[in-house]
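*Asks:* I am attaching a structure below and will ask some questions about it afterwards.
The values are calculated or read from the model by the stated rules, or taken from the named source; none is laboratory data. In this text the structure is predicted, and so the values were computed from the model without any measurement. Reconstructed Cβ throughout: ideal geometry from the backbone, glycine too, with neighbour counts over all protein chains shown.
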Amino acid sequence: MSDRKPDYCHDDDWEYTQRWDEIDELMESHPAAKPVRISTLYRGPVMWAVNMPVDTDGDGETDDYELRFFDSEELAIAALEPPK
């Protein structure tokens, strides 16, 4: 195992997800003296997500969206501005 500790861990069912420093609580839900497969999650870089409106119904209400990701809040806000 690397020197960097995971941020989160979960069992195979994803029934429980815990912060890595609370792995003992995750293990309490499993029988003792039995190996348990644990998956780890590492916190990645922050991203910004926007449901971008892409189509409207006959009344002008948005009825279709496209999920888009951005590296900054500024880029996400700029994408929502109407074209000039």
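*Asks:* Please enumerate the residues belonging to region 1-20 that are of a type in the set (Phe, Trp, Tyr) and assigned to a loop (DSSP other than H, G, I, E, B).
*Replies:* The answer is Trp14, Tyr16.
*Asks:* Going through region 41-62 one residue at a time, which ones are surrounded by 10 or more Cβ atoms within 10 Å (Cβ to Cβ) and not in a loop (DSSP other than H, G, I, E, B)?
*Replies:* Scanning region 41-62 gives Leu41, Trp48, Ala49, Val50, Asn51, Met52, Pro53, Val54, Thr56, Thr62.
*Asks:* Related question: Name every residue in region 21-51 that is in contact with a Phe, Trp or Tyr (Cβ under 6 Å, 6 or more places away or on another chain) and at pLDDT 85 or above, in order of residue number.
*Replies:* Leu41, Met47, Trp48, Ala49, Asn51
*Asks:* It is to be established whether one or more residues within region 21-35 are touching a Leu at 6+ places or on another chain (Cβ under 7 Å) and not in a loop (DSSP other than H, G, I, E, B). Walk me through it before giving the result.
*Replies:* The initial filter retains those residues of region 21-35 that are touching a Leu at 6+ places or on another chain (Cβ under 7 Å), namely none.
Looking for residues that are touching a Leu at 6+ places or on another chain (Cβ under 7 Å) and not in a loop (DSSP other than H, G, I, E, B), one finds none in region 21-35, hence no.
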